[in-house]
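The values are calculated or read from the model by the stated rules, or taken from the named source; none is laboratory data. Treat the numbers as computed from the prediction; the structure is a model and nothing was measured. Using ideal geometry, Cβ is built from the backbone for each residue, glycine included, and neighbour counts are taken over all protein chains shown. We work out accessible area using only protein heavy atoms, side chains counted, and drop any ligands, DNA or RNA first. Shrake-Rupley method; radii C 1.70, N 1.55, O 1.52, S 1.80 Å.
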Amino acid sequence: MYSNLDKTKIGAGLSDLDELARQKTYIEEAKDLVAKIAEEKGSPLTCHVATFGCQMNARDSEKLLGILIEAGYQPVETEDADLVVYNTCTVRDNANQKVYGRLGVLNGKKKKNPLMKIALCGCMTQEPSAVEKIKTSYPFVDLIFGTHNIFTFAELLCKMLKADKRIESIWQDTTQIVEDLPIERKFKYKTGVNIMFGCNNFCSYCIVPYVRGRERSRAPEEIIEEIKKQVADGVIEVMLLGQNVNSYGKNLDNPISFAELLRRVEEIEGLQRIRFMTSHPKDLSDELIEVMKHSKKICRHLHLPLQSGSTRILKAMNRKYTKEQYLELALKIRREIPDIAITTDIIVGFPGETKEDIDETLDVIRKVKYDNAFTFQYSKRTGTPAAAMENQCSAEFVKEQFDRVLSEVQLNARNQVALWEGKIMDALVEEMNEHDSTLVTGRLSNNTIVHFPGDESLIGKIVPVRLCACKGFYYIGELV
Ligand code: 5AD
Ligand code: SF4
């Protein structure tokens, strides 16, 4: 089903640098177009980019917003804007349903604002069946583009502003990596950096390899250069992003390991914290554990998706590790880096899963003592091998087992997070507390949140905080 995308392009045939130059000319054209429409309107054009899904999408949204601001749009917090972009996710069906629901609301807004344009991008648009549904049920969408050609956004924006019909540009895959276009960071002091795109693992339940394409790593020099620029611009914490960072660099002309990349990032002066996401257990090396153990900057947090604790289900999921191998790895990490927080993803209700398989998952949760775990009900994704499996679980069974997993996760996480009560730890202050303006919200190296009395001047700073009281998944603390 994924071979019949409307436009089966895999790049315009230009070098990455030529493509960059081409897109920059479109930004200039977009500036003129936006200025002209704003003049007719009598006020600046406004835009809103809504992000669904993961950190990758959050980073992509910063790129979209960077181009829109450069073109002259004014970002606003609500969807009452002249351009609304939905950067969508399709990893589970409820992500798609959320977008359909919100598109209905946008239609109402569009009827009241004749200037309003609606654009859709992200993983959902790489799914032909979703695009068909949008075209028939939501014909008021003005622009649809995919994950592979997000760097052509300026070009597509110009086309959309000039056309009176819907613009569609969805590529099947790409070999191009075009970076260095304008970016508007959500936080001044922290940001994501793409180190690789796509995924080659084809876990049998997962749609990501189909919508994000094959694995492509960026050259280490380019990554280092980008981070240096960000640090010069006030960033002190970076999150290195990839679907499977542990296989970073393997397919480069000059192969390099992820651990080696981390060593080089560590050397960047002024950078204080390094995070990364996501690690596949099958590729996590001893070299990485060593680098983490001795690092002063790599945060004490590892997200290590388990998916299932049953070797039988793991095999059907095509995860390429057994329960025992996973446990050995997780416990080795806990032994080598005792203050690390380990978090995970768990899927409940994979085809053929039984209560006994879930018992195995509960056993892993008890043994690893996750600091947190994202638990998902299995969602059938058309086109994946698991969707064609005959032994799909009943909704009732999934709900029942999901609750068992969730309570075990919560019990363990509560104990694990509370281990640090009374200790003093460094927190990066991220923002004012949403509910209480006398408090600020910070993040510890191990990714736990701490709220403590403070003011705006602390935002973006790393400060020592006493962890006074553990409230389940977060702390109440005080500055020391
Ligand atoms: N159903 C439920 N959860 C899924 N994930 C990926 N695909 C599915 C699916 N079809 C979960 C995995 C992954 C996380 C990002 O989303 O746990 O690690
Ligand atoms: Fe999906 Fe597996 Fe790739 Fe993660 S590693 S994106 S779960 S296919």
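When the residues of the range 248-278 are filtered to those that are within 16 Å of ligand 2 (Cβ to nearest atom) and surrounded by fewer than 21 Cβ atoms within 10 Å (Cβ to Cβ), which remaining residue is nearest to Ile459 (Cα to Cα)? Before you say what the answer is, go through the steps one by one.
From the range 248-278, those within 16 Å of ligand 2 (Cβ to nearest atom) are 248, 250-251, 258, 276-278; that's our starting set.
Going one step further and asking which of them are surrounded by fewer than 21 Cβ atoms within 10 Å (Cβ to Cβ), we end up with 250-251, 277-278.
Numbers: Lys250: 38, Asn251: 39, Met277: 24, Thr278: 27 Å.
That would be Met277.
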Would you confirm whether any residue within the range 73-82 is charged (D, E, K, R) and in contact with a Gly (Cβ under 7 Å, 6 or more places away or on another chain)?
-> no
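Count, please, the residues in the range 110-135 that happen to be surrounded by 14 or more Cβ atoms within 10 Å (Cβ to Cβ) and of a type outside the set (A, V, I, L, M, F, W, C).
Let us first name the residues in the range 110-135 that are surrounded by 14 or more Cβ atoms within 10 Å (Cβ to Cβ), namely 110, 115-128, 130-131, 133-135.
Subsequent filtering for residues that are of a type outside the set (A, V, I, L, M, F, W, C) retains 110, 117, 122, 125-128, 133, 135.
The number of residues fulfilling the criteria is 9.
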Looking at this structure, is Arg212 under 30 Å from Glu390 (Cβ atoms), modelled with pLDDT under 95 and not aliphatic (A, V, I, L, M)?
-> yes
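Considering only the range 243-348, give the strands (runs of 3 or more DSSP E) lying wholly within it that have at least 1 residues that are touching a Pro at 6+ places or on another chain (Cβ under 8 Å). Steps first, answer last, please.
Numbers: elements: 273-277, 301-303, 341-348.
So the answer is 341-348.
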Output the qualifying pairs, or none if there are none: Cβ atoms under 7 angstrom, residues six or more apart or on different chains, first residue in the range 370-397 and farther than 18 Å from Thr344 by Cβ and aliphatic (A, V, I, L, M), second residue open to solvent by 60 Å² or more (accessible area, probe 1.4 Å) and in a loop (DSSP other than H, G, I, E, B).
-> Ala387/Lys380
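If you check Glu400 against the conditions, is it surrounded by fewer than 18 Cβ atoms within 10 Å (Cβ to Cβ) and either more than 13 Å from ligand 1 (Cβ to nearest atom) or polar (S, T, N, Q) (or both)? Walk me through how you get there before you give the answer.
Working: surrounded by fewer than 18 Cβ atoms within 10 Å (Cβ to Cβ): yes; either more than 13 Å from ligand 1 (Cβ to nearest atom) or polar (S, T, N, Q) (or both): yes.
Criteria met by Glu400.
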Taking the range 25-43, which residues are open to solvent by 60 Å² or more (accessible area, probe 1.4 Å) and assigned to a loop (DSSP other than H, G, I, E, B)?
-> Gly42
Pairs, first farther than 12 Å from Cys121 by Cβ in the range 58-70, second among the basic types (Lys, Arg) and open to solvent by 10 Å² or more (accessible area, probe 1.4 Å), C-beta under 8 Å, six or more apart = Ala58/Lys186; Glu62/Arg185; Glu62/Lys186; Glu70/Lys31
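Kindly evaluate Asp173 against the criterion of being of a type outside the set (S, T, N, Q), open to solvent by 20 Å² or more (accessible area, probe 1.4 Å) and within 16 Å of ligand 2 (Cβ to nearest atom). Outline the logic, then answer.
Working: of a type outside the set (S, T, N, Q): yes; open to solvent by 20 Å² or more (accessible area, probe 1.4 Å): yes; within 16 Å of ligand 2 (Cβ to nearest atom): yes.
Yes; evaluated as a whole, the condition is true for this residue.
Of all residues in the range 362-383, which are within 16 Å of ligand 2 (Cβ to nearest atom) and either touching a strand residue (DSSP E or B) at 6+ places or on another chain (Cβ under 7 Å) or open to solvent by less than 50 Å² (accessible area, probe 1.4 Å) (or both)?
As a first pass, look at the range 362-383 and keep what is within 16 Å of ligand 2 (Cβ to nearest atom): 373-383.
Matches in the range 362-383: Ala373, Phe374, Thr375, Phe376, Gln377, Tyr378, Ser379, Arg381, Gly383.
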Residue list for the range 279-302, filter: open to solvent by 20 Å² or more (accessible area, probe 1.4 Å) and under 17 Å from Cys206 (Cα atoms) = Lys282
Of all residues in the range 83-106, which are surrounded by 15 or more Cβ atoms within 10 Å (Cβ to Cβ) and among the polar types (S, T, N, Q)?
-> Asn87, Thr88, Thr90, Asn96
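Based on what the data block shows, is Glu421 surrounded by fewer than 18 Cβ atoms within 10 Å (Cβ to Cβ), over 19 Å from Tyr370 (Cβ atoms) and in contact (Cβ under 8 Å) with a residue 12 or more places away in the chain? Even if it seems obvious, please write down each step before you answer.
Values: surrounded by fewer than 18 Cβ atoms within 10 Å (Cβ to Cβ): yes; over 19 Å from Tyr370 (Cβ atoms): no; in contact (Cβ under 8 Å) with a residue 12 or more places away in the chain: yes.
No: the conditions fail for Glu421.
Among what's in the range 190-215 and is β-branched (Val, Ile, Thr) and more than 12 Å from ligand 1 (Cβ to nearest atom), pick the residue that is nearest to Tyr321 (Cα to Cα).
Filtering the range 190-215 for residues β-branched (Val, Ile, Thr) gives 191, 193, 195, 207-208, 211.
With the extra rule that they be more than 12 Å from ligand 1 (Cβ to nearest atom), the set shrinks to 191, 193, 195.
Values: Thr191: 32, Val193: 28, Ile195: 24 Å.
The extreme case among them is Ile195.
Counting just the residues of the range 303-355 that are of a type in the set (A, V, I, L, M) and away from ligand 2 (no atom under 16 Å from the Cβ), which one comes out most open to solvent (accessible area, probe 1.4 Å)? Walk me through how you get there before you give the answer.
Going through the range 303-355, the residues of a type in the set (A, V, I, L, M) turn out to be 304, 306, 313-314, 316-317, 327, 329-331, 333, 337, 340-342, 346-348.
Cutting the leftovers down to away from ligand 2 (no atom under 16 Å from the Cβ) gives us 327, 330-331, 333, 337, 340-342.
On the way: Leu327: 22, Ala330: 0, Leu331: 67, Ile333: 2, Ile337: 4, Ile340: 3, Ala341: 1, Ile342: 0 Å².
Filtering the range 303-355 for residues that are of a type in the set (A, V, I, L, M) and away from ligand 2 (no atom under 16 Å from the Cβ), the one most open to solvent (accessible area, probe 1.4 Å) comes out as Leu331.
Of the residues Asp80, Asp60, only one is in contact with a Ser or Thr (Cβ under 9 Å, 6 or more places away or on another chain), surrounded by fewer than 21 Cβ atoms within 10 Å (Cβ to Cβ) and of a type in the set (D, E, K, R); which? Steps first, please.
Working: Asp60 fails: surrounded by fewer than 21 Cβ atoms within 10 Å (Cβ to Cβ).
That would be Asp80, the only listed residue that is in contact with a Ser or Thr (Cβ under 9 Å, 6 or more places away or on another chain), surrounded by fewer than 21 Cβ atoms within 10 Å (Cβ to Cβ) and of a type in the set (D, E, K, R).
Being outside any helix (DSSP H, G or I) and more than 16 Å from ligand 2 (Cβ to nearest atom) is the filter; apply it to the range 208-237 and report the residue that is surrounded by the fewest Cβ atoms within 10 Å (Cβ to Cβ). Steps first, please.
Start the filter on the range 208-237 by keeping residues that are outside any helix (DSSP H, G or I), which leaves 213-219, 233-237.
Right, trim to more than 16 Å from ligand 2 (Cβ to nearest atom) and you get 218-219, 233-237.
Numbers: Arg218: 20, Ala219: 15, Asp233: 11, Gly234: 14, Val235: 24, Ile236: 19, Glu237: 22.
For the range 208-237, the residue satisfying everything is Asp233.
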Just checking, which of Leu314, Leu262 is away from ligand 1 (no atom under 14 Å from the Cβ) and among the hydrophobic types (A, V, I, L, M, F, W, C)?
-> Leu262
Restricting attention to the range 177-222, the residues that are among the polar types (S, T, N, Q) and in contact with a strand residue (DSSP E or B) (Cβ under 9 Å, 6 or more places away or on another chain) number exactly 3
